[in-house]
Amino acid sequence: MNFDFSDDDKMVQDQINRFLRDNCGFDEFRSVLEGDATYSDSVWRGLSEMGVQGTAIPSAYGGVEAGYLSLCLAARELGAHLAPVPFSSSIYLAVEAIQRTGSEVQKEEWLPKLASGQVIGTLAVTETLQEQVPEDITTTFAKGKLNGIKLVVPHGLMADVAVVLARTSDGLSLVLAPLSDVMRKSIDTVDPTMGSATITFKDAPAELLGESHDGWSAMSAVYNRAAVLFAFEQLGGAERALDMAVGYAKERFAFGRPIGSFQALKHMMADMYVALKLAESNCYYAAWALQNDADELALAAATARVSATQAFQLCSRDNIQVHGGMGFTWEYDCHLYYRRSNYLALVLGGLTTWEDKLVSALPDAA
Amino acid sequence: MEFNDTKEEAAFRGEIRTWIDNNAPDYLFEPLSTSGFGSIQLDGFDPMAEAKQWQKTKAEAGWACLQWPKDYGGQGASPIESVIWNQEEGVYGQLSRMFIIGQGMCAPTMMTFASEDQKQRYLPKLASGEEVWCQLFSEPHSGSDLAGLRTRAEKDGDDWVINGQKIWTSGAQHSEFGILITRTDPEVPKHRGLTMFFLDMKSAGVDIRPIKQANGDSGFNEVYFDNVRIPDAQRLGGVGEGWKVSLTTLMNERLAIGGSITTGFPEIKELVDQLRIASGTAINDPAVRSKLADWYAKSSGLKNTAARAISALSKGEVPGPENSIGKLVAGGMMQDIAKFSLDLQGLSGAIVDPEIAAGSARLQAMLMRSPAVRIEGGTDQILRNIISERVLGLPEDMRADKGMPFNKIPVGN
Ligand SMILES: Cc1cc2nc3c(=O)[nH]c(=O)nc-3n(C[C@H](O)[C@H](O)[C@H](O)COP(=O)(O)OP(=O)(O)OC[C@H]3O[C@@H](n4cnc5c(N)ncnc54)[C@H](O)[C@@H]3O)c2cc1C
């Protein structure tokens, strides 16, 4: 047994961390939050130059083929810096769907462009105002045309191509649709930096992703893999929120002493740390399962997803508490972590859904 | 990153499996599997006698305290090998855990601070279960605030004379030896006036009185010292350096306790797989699933955290205070799981008779034993203090007694 990342993987992580620290600071983030930009083009291009988008994509399709362990660490850094780029939708969702389900021709056409960052992808599922079940999907795909409305598509504002869950003659399927001629409209969400859009498909040209398949289970398989990568983003965010809380608690004084000496706050932060450690260890295990396509993946992914969601939500929430009134200002970054944690908690289906998946994946005699 | 056994590890596991199949006391399999939490019940067999027999069998075949050096009764095995042993030992590990205080806490202290002769004399018998050890730290007036202890040791020739009282001493009634922390200088600040010893529990003047616990067991004791003489040669570490010595013990305590984590998850899973509630089989109920998922995520998080500690150990790194999270998470979780399990069963959940209650009343036993998990070996609050101060680097608690000579510190009742 060796339960750690390799030195090579950690070195790459460190490079990404330094790049984001130097290039994805407050101003860059705020230009997306408050300005006209929907994402940070300079950060996106910088990541491309480092080959980050192609980390886990085979070299035959233009990737770096450095594996999923390395991608997990990249995700952790992107999460820690709240990087305002369409990385998660493009890489964890679109690339995974195309790699898993796409035909050879589709892979050859799309993966190299996604790997280089030249093209941005996403996955479009949600249509109605509740956690989606198969019956909610009414977007149709027939005779090469897509029709329907996807209500909230992460990074739908800037995506060039979407994998779309749609109804076909024999049930649900994943469909590949270039987004050049569709109607898209920005939709406000709890995290304005996720580029969410409502996309209307009206006789939009599209093609079936790969051969005939069961779209719901194909999507679930993508979700299981993406859950691990999102969990690493959540972990990165949780860790940064805890760091902020600890840093502030050491410097802010009240009643003649640092607020970090009050036991109520110390114990709150100890609990944040515990949640973080549990999530981290579960994430490590899930990373191994993802890299090795292990039988344990479904359970490991759900476990990582549940505990990373809990950890990020707890840490971002209590980070605000530690900051007092300052934590509730637009100016301070606390709310950005709070927003991101609550958006990411929903992006593959909410916590309850993943709790249910976890229990379904438990072996009979646990 | 790799979780599966290497070829050598798989071979080692196979060897253990075969040996256990051939040598374990299989007549105890059933009672050990259904035994409650806290003290074990073995259908009329004496648990301590059975535990000693099993430990001896293991020692003779070279399976006791695997990771200890060969000279002291172990095999010099790697951390991974001893983990594989623990995994394969399964239910019989409950017998071995009766020696955990001695082997897990007293032994590391002896290995670090005792003389070579003493190590050769005491450690092999501690490994083989022939001699049992206990930890004499807590006192009526000092548990969390261990450094506030009052038991006095005064030098008299080549001996020290001990007077005072310890309390909550687990297993003192079965013990041949114990490690004892005392106050040798009451005129300096509390952490500086302490000295550690080990002693023969049969020494004249030692009086052991069992305490009946809240769950009805009697695992711990009061131990009184009335002019007990300990040779200076049995001092561990320097005079006045007992605090530093105790930290060795306490760090290992957290590891020893954190190492074999019981969380209650398998028990509740087994219950809800079968139990019928208003909405159908309990496991299909959304509220049950939600809690189950949370508990699984926690218990798997602990398991994976322990695996990371082992992985660090095997690379020669020292696992840090972050291992405090094991007991902190598991204690509260056991209590929650027990409460919820009983709740699902309505009034029948109150039945503690193992012949009648679901799951041999293990969950009821857990309800009654789990409060102790949140106290023994550092309370939940002390563990949070440790995490916030030593891991997160937050400021120390304000201490009313800071820098004060011990004998000037205000005391309550
Ligand atoms: C089953 C069991 C077995 C045990 N076995 C042994 C043994 O073998 N050997 C041994 O030496 N001891 C043993 N103990 C004793 C155990 O270590 C102590 O009970 C424990 O350290 C708490 O000390 P206390 O009981 O004096 O409680 P106190 O220290 O008086 O604590 C009372 C309450 O105050 C809180 N508190 C205290 N200080 C602080 C602080 N600084 N910040 C916040 N809250 C605080 C505690 O968390 C607790 O809630 C055992 C205890 C139990 C329950």
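The values are calculated or read from the model by the stated rules, or taken from the named source; none is laboratory data. Quantities reported herein were computed from a predicted structural model and do not represent experimental measurements. For neighbour counting, all protein chains shown are included, and Cβ atoms are generated from backbone atoms with ideal geometry for every residue, glycine included. Protein only, heavy atoms only, side chains kept; ligands, DNA and RNA dropped before computing areas. Shrake-Rupley method; radii C 1.70, N 1.55, O 1.52, S 1.80 Å.
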>> If I filter the stretch B:390-401 for residues that are open to solvent by 40 Å² or more (accessible area, probe 1.4 Å), away from the ligand (no atom under 11 Å from the Cβ) and within 25 Å of B:Trp295 (Cβ to Cβ), do I get at least one hit?
In response: yes
> Could you list, in sequence order, the residues of the stretch A:24-34 that are farther than 24 Å from A:Leu73 by Cβ and open to solvent by 40 Å² or more (accessible area, probe 1.4 Å)?
Replying inline: A:Asp27, A:Ser31, A:Glu34
>> Quick check on this structure: which one of A:Lys250, A:Lys266, A:Lys277 is without any contact (Cβ under 8 Å) to a residue 24 or more places away in the chain, within 16 Å of the ligand (Cβ to nearest atom), out of contact with any Cys (no Cβ under 6 Å at 6 or more places or on another chain) and of a type in the set (D, E, K, R)?
In response: A:Lys266
> Restricting the first residue to the stretch B:349-362 and requiring it to be not assigned by TED's automatic domain parsing to the domain that holds B:Glu30, which pairs with a second residue that is assigned to a loop (DSSP other than H, G, I, E, B) and loosely packed, with under 11 Cβ neighbours inside 10 Å meet a Cβ separation below 9 Å and a spacing of at least six or different chains?
Replying inline: B:Ala361/B:Asp353; B:Ala361/B:Glu355
>> Here is a list: B:Phe45, B:Phe37. Which entry is out of contact with any strand residue (DSSP E or B) (no Cβ under 7 Å at 6 or more places or on another chain), in contact (Cβ under 8 Å) with a residue 40 or more places away in the chain, aromatic (Phe, Trp, Tyr) and not assigned by TED's automatic domain parsing to the domain that holds B:Ala357?
In response: B:Phe37
> Could you count how many residues in the stretch A:290-301 are closer than 19 Å to A:Leu71 by Cβ and crowded, with 24+ Cβ neighbours inside 10 Å?
Replying inline: 3
> Can you pull out the residues in the stretch B:279-306 that are at pLDDT 95 or above and among the hydrophobic types (A, V, I, L, M, F, W, C)?
Replying inline: B:Ala282, B:Ile283, B:Ala287, B:Val288, B:Leu292, B:Ala293, B:Trp295, B:Ala297
> Within the stretch B:336-379, can you find the residues that are in a loop (DSSP other than H, G, I, E, B) and among the hydroxyl-bearing types (Ser, Thr, Tyr)?
Replying inline: B:Thr379
>> Considering only the stretch B:355-369, I want to know if a residue exists there that is more than 14 Å from chain A (Cβ to nearest Cβ) and near the ligand (Cβ under 9 Å from one of its atoms).
In response: yes
> For A:Val85, which of the numbered conditions (1) crowded, with 24+ Cβ neighbours inside 10 Å; (2) assigned to a helix (DSSP H, G or I) fails to hold?
Replying inline: (2)
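Which helices (runs of 4 or more DSSP H) sit wholly inside the stretch B:1-97 and have at least 1 residues that are more than 14 Å from chain A (Cβ to nearest Cβ) and more than 19 Å from the chain's Cα centre (by Cα)?
The qualifying helices (runs of 4 or more DSSP H) are B:7-23, B:29-34, B:47-60, B:79-89.
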>> Out of the residues in the stretch B:154-172 meeting the condition of being away from the ligand (no atom under 16 Å from the Cβ) and assigned to a strand (DSSP E or B), tell me which one is most open to solvent (accessible area, probe 1.4 Å).
In response: B:Lys155
> Can you find a residue in the stretch B:229-244 that is β-branched (Val, Ile, Thr), over 30 Å from B:Gly346 (Cβ atoms) and at pLDDT 95 or above?
Replying inline: yes
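Rundown of residues vs (1) open to solvent by less than 10 Å² (accessible area, probe 1.4 Å); (2) assigned to a loop (DSSP other than H, G, I, E, B), yes/no style:
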{"site": "A:Lys10", "(1), (2)": "no, no"}
{"site": "A:Arg18", "(1), (2)": "no, no"}
{"site": "A:Asp22", "(1), (2)": "no, no"}
{"site": "A:Asp36", "(1), (2)": "no, yes"}
{"site": "A:Ser48", "(1), (2)": "no, no"}
{"site": "A:Gln53", "(1), (2)": "yes, yes"}
{"site": "A:Leu69", "(1), (2)": "no, no"}
{"site": "A:Leu93", "(1), (2)": "yes, no"}
> Quick one: which of A:Met326, A:Met268, A:Met272 is open to solvent by less than 20 Å² (accessible area, probe 1.4 Å) and over 27 Å from A:Ser220 (Cα atoms)?
Replying inline: A:Met272
> What are the residues in the stretch A:193-230 that are hydroxyl-bearing (Ser, Thr, Tyr) and outside any strand (DSSP E or B), if any?
Replying inline: A:Thr193, A:Ser196, A:Ser212, A:Ser217, A:Ser220, A:Tyr223
> Looking only at residues in the stretch B:120-140 that are near the ligand (Cβ under 8 Å from one of its atoms) and touching a residue at least 60 places away in the same chain (Cβ under 8 Å), which one is surrounded by the fewest Cβ atoms within 10 Å (Cβ to Cβ)?
Replying inline: B:Phe137
